[in-house]
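This report concerns only the one structure given below.
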2 protein chains.
Amino acid sequence: MKRLTISDIATMAGVSNGTVSYALNDRPGVSAQTRERILRIADELGWRPSAAARALKVARAQTVGLAITRDAATLGIEPFFMRFIAGMEGELAAHRTGLLLQVAGDHHEALETMRDWWAEKRVDGVIVTDLWNHDLRLPELERMGVPTVLVGAPRPGCPFPAVWSDDAAAVTTAVDHLVELGHRDIARVAGLTALQHTHVRTGAFRAAAVRHGLRSAPVLATDYSWEQGALATHHLLTGRLRPTAIVFDNDVMALAGLSAARQLGVAVPGELSIVAGDDSQLCEMVYPALTAVSRNVQAYGAAVARVLLDSVGDGTGDSRQEPTARLRVRGSTAPADRGRRDRDTLDRDTLDRQTLRVPAVSARDRAVPWTPAAPAPVPPQERRRSRPTG
Amino acid sequence: MKRLTISDIATMAGVSNGTVSYALNDRPGVSAQTRERILRIADELGWRPSAAARALKVARAQTVGLAITRDAATLGIEPFFMRFIAGMEGELAAHRTGLLLQVAGDHHEALETMRDWWAEKRVDGVIVTDLWNHDLRLPELERMGVPTVLVGAPRPGCPFPAVWSDDAAAVTTAVDHLVELGHRDIARVAGLTALQHTHVRTGAFRAAAVRHGLRSAPVLATDYSWEQGALATHHLLTGRLRPTAIVFDNDVMALAGLSAARQLGVAVPGELSIVAGDDSQLCEMVYPALTAVSRNVQAYGAAVARVLLDSVGDGTGDSRQEPTARLRVRGSTAPADRGRRDRDTLDRDTLDRQTLRVPAVSARDRAVPWTPAAPAPVPPQERRRSRPTG
DNA sequence: CTGAAAGCGCTTACAG
DNA sequence: CTGAAAGCGCTTACAG
């Protein structure tokens with residue numbers, strides 16, 4: 001069967017192609033009743049203008065692209081992206097704009113994809129997530145001249161609008177909460193060091209640590225994986241600077257931390273308070289439910305879509321700050337054990353020395369001894385014994 | 001700056017547009033050295049043919065569409081889709097085909113999106129997931145004539161190729177494993193009743209129950225959410241037909257079940273064995289790690305992409321069965337408590353009466369009393385007491 | 001092996 | 001208020 005074109009509609013309505021086009025695009029120059037008739041016929045036949053023909057003419061693809069740089073395993077378990085994508089969707093759909101998605105292995109691959117998309121005029125603009133401190137994508141996208149919106153803080157010297165929220169404030173809130181509960185040894189299990197917001201958050205964490213005069217405030221860098229989250233926690237709980245509270249950079253690692261603590265017989269929140277990173281449903285899926293830094297990821301996605309649409313449209317897409325994440329207090333944070341309270345206070349030098357690094361572990365290497373899958377659970381008596389007395 | 005077109009390349013190479021096109025598409029009729037020269041120039045200038053112009057001419061969008069019908073919250077936490085999408089990606093990218101994604105609220109909305117995509121010739125074909133028993137999308141897609149591939153079992157009377165795996169066998173394997181461990185009261189917490197594979201799995205579950213002469217084999221229908229998974233478990237563990245093992249239809253509900261059991265002081269796997277549904281990373285993120293029905297979701301996605309590309313291409317896309325899921329045994333399944341062994345055996349009638357329904361709970365209603373967020377944790381002694389002795 | 005030309009299905013000045 | 005025509009950037013028979 002032959003596919004319907006504008007000419008078919010024009011013939012049936014007894015007008016020219018041009019008139020059909022005007023009617024369809026709500027342009028002046030068509031009488032109300034002609035317009036009506038045309039729309040009715042088009043509707044009856046289920047005709048819609050060909051995206052390709054229209055794109056060719058108006059040089060607009062009515063599509064934006066998102067190339068995510070994460071490995072499939074992490075993506076599956078990381079609730080952020082699907083919520084984010086769903087959030088963008090509503091906004092895009094309202095503007096009849098499609099979303100082209102690609103899961104890339106690294107920034108290079110993502111960049112190649114975006115380059116192809118743009119060169120082939122498949123997209124009108126792109127969204128860039130997981131910004132690195134030195135991000136090879138940005139200068140290239142700038143050179144290409146593709147409308148881009150950054151998911152993360154604006155960058156000096158970078159012309160692209162950014163949609164961000166105050167990461168520093170979010171971390172500070174978490175630390176404040178813990179300090180209020182009497183914690184003075186607070187650790188941070190951070191995400192990828194290369195990421196811009198990791199940097200920001202770590203800075204805020206240290207500043208808060210100094211301001212509150214904490215005793216210790218080690219920071220561990222990880223790759224966001226469950227494995228490294230658990231490893232980092234194990235490291236902390238068995239190490240010299242054993243904290244009474246840990247702030248995690250995402251939910252998956254917070255869950256891992258909870259699990260690692262359980263393996264070591266460390267009670268949560270009795271002996272260890274935990275704050276999670278994204279407040280996905282994961283936080284309410286464990287026991288105790290995790291206190292988390294919470295923001296509306298869907299609204300965030302919608303805001304990003306809006307800014308990109310504006311950038312693509314009339315170029316008015318402007319950087320925009322979203323509400324700062326709030327702390328949602330649940331069962332995983334509790335008053336600190338006060339026993340070790342009266343010691344020295346943290347200074348900047350000590351703090352620097354406390355920035356540790358988790359031994360690199362491939363995200364797929366699951367042979368970590370204390371993994372929940374490990375066959376030998378710690379017997380209850382053992383666990384009891386390792387608890388501090390007060 | 002003016003955008004590059006084929007004419008620019010032709011001028012620079014000193015040939016006609018046609019020759020450039022031939023060279024680019026590896027068609028005969030261009031000398032090796034001319035081709036070489038053209039490609040070099042195109043490459044240097046970063047020129048790529050406009051997707052719109054090409055699509056207009058060859059009537060091929062080089063794009064396929066996936067409209068997912070799930071709410072954002074579920075999607076975020078359900079690891080299946082991102083893994084599935086990542087799996088499709090490699091295959092699609094190899095054929096320079098893009099993926100248009102939409103997160104729809106329901107099948108109607110998804111259908112409208114697919115209709116638009118097809119009418120506007122934005123896609124060459126679509127992927128349909130979450131097949132319902134009576135699926136309103138299928139007859140419409142058939143009428144539209146859009147190349148489609150079904151993620152799920154082939155349907156009699158439906159012309160679309162399907163990519164599926166043996167759901168019945170997977171469930172049977174799980175039940176067999178539990179029976180081997182001595183379980184005779186096994187429950188199934190199923191997903192959405194409307195879904196085709198829920199039907200298949202429930203059928204297989206009941207058949208296995210009868211074959212093994214189980215004592216009880218209740219089936220509970222849910223919406224796949226954490227809430228209903230927990231509610232169903234609570235229901236089962238406090239009810240008349242208290243099972244010693246539960247088979248869940250996805251991972252999220254299995255986690256919920258684990259949590260609900262813990263709340264009730266029921267030891268896993270001591271008093272209750274749990275089998276999860278998809279073997280995502282979630283299963284290894286909890287303690288004990290969950291025995292799960294496991295299949296390679298990424299490979300599954302790749303297979304779907306391949307079949308769709310074949311359907312779109314020369315129409316040879318054919319139904320294809322993927323490997324049956326294997327049972328991955330972990331810490332959540334253990335021998336049954338033999339105490340209650342010597343009672344009567346299940347017959348079909350009883351089985352029918354055992355098909356329960358979980359009271360409807362909105363996926364967002366988190367005010368379920370035994371939710372992990374609940375303030376009153378079971379003290380350790382309590383938990384200890386409820387452990388079985390052997 | 002190469003060039004000139006038609007045409008894919010729209011949009012949009014330009015006449016009337 | 002409406003029609004005729006050019007043109008977006010390609011591909012592809014058709015001549016040469």
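The values are calculated or read from the model by the stated rules, or taken from the named source; none is laboratory data. Everything numeric in this text was worked out from a predicted model, so none of it was measured. Here the Cβ is made from the backbone with ideal geometry for all residues, glycine too, and neighbour counts use every protein chain on show.
Brief remarks on what is shown
- Summed over segment B:259-277, the residues that are touching a strand residue (DSSP E or B) at 6+ places or on another chain (Cβ under 7 Å) and at pLDDT below 95 give a count of 2.
- Any chance A:Glu142 is surrounded by fewer than 18 Cβ atoms within 10 Å (Cβ to Cβ) and more than 20 Å from A:Val163 (Cβ to Cβ): no
- Segment A:88-100: number of residues that are at pLDDT 95 or above and at the interface with chain B (Cβ under 7 Å from one of its Cβ atoms): 3
- All told, A:Ser7 meets the bar of being away from every other protein chain (no Cβ under 14 Å) and more than 9 Å from DNA strand D (Cβ to nearest atom).
- Inside segment B:16-37, residues that are within 11 Å of DNA strand D (Cβ to nearest atom) and surrounded by 12 or more Cβ atoms within 10 Å (Cβ to Cβ) make up a count of 11.
- Residues that are more than 28 Å from A:Met114 (Cβ to Cβ) and within 16 Å of DNA strand C (Cβ to nearest atom) do occur in segment B:106-116, at least one of them.
- Among the residues of segment A:145-183, those that are assigned to a helix (DSSP H, G or I) and either within 22 Å of the chain's Cα centre (by Cα) or surrounded by 17 or more Cβ atoms within 10 Å (Cβ to Cβ) (or both) comprise A:Asp167, A:Ala168, A:Ala169, A:Ala170, A:Val171, A:Thr172, A:Thr173, A:Ala174, A:Val175, A:His177, A:Leu178, A:Val179.
- Exactly one residue out of B:Val266, B:Val275 is of a type in the set (Val, Ile, Thr) and within 28 Å of B:Ile85 (Cβ to Cβ): that is B:Val275.
- Checking each residue in segment B:44-86 for being more than 16 Å from DNA strand D (Cβ to nearest atom) and more than 7 Å from chain A (Cβ to nearest Cβ) picks out B:Val64, B:Gly65, B:Leu66, B:Ala67, B:Ile68, B:Thr69, B:Arg70, B:Asp71, B:Thr74, B:Glu78, B:Phe80, B:Phe84.
- Matching entry among A:Ala72, A:Ala52, A:Ala32 (being free of Cβ contacts under 8 Å to residues at least 24 places away in the same chain and under 22 Å from B:Thr63 (Cα atoms)): A:Ala52
So that you can scan it fast, the table gives a plain yes or no per residue for (1) near DNA strand C (Cβ under 8 Å from one of its atoms); (2) closer than 30 Å to A:Asp124 by Cα:
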| residue | (1), (2) |
| --- | --- |
| A:Thr11 | no, no |
| A:Tyr22 | yes, yes |
| A:Ser31 | no, no |
| A:Leu39 | no, yes |
| A:Asp43 | no, yes |
| A:Gly46 | no, yes |
| A:Ala51 | no, yes |
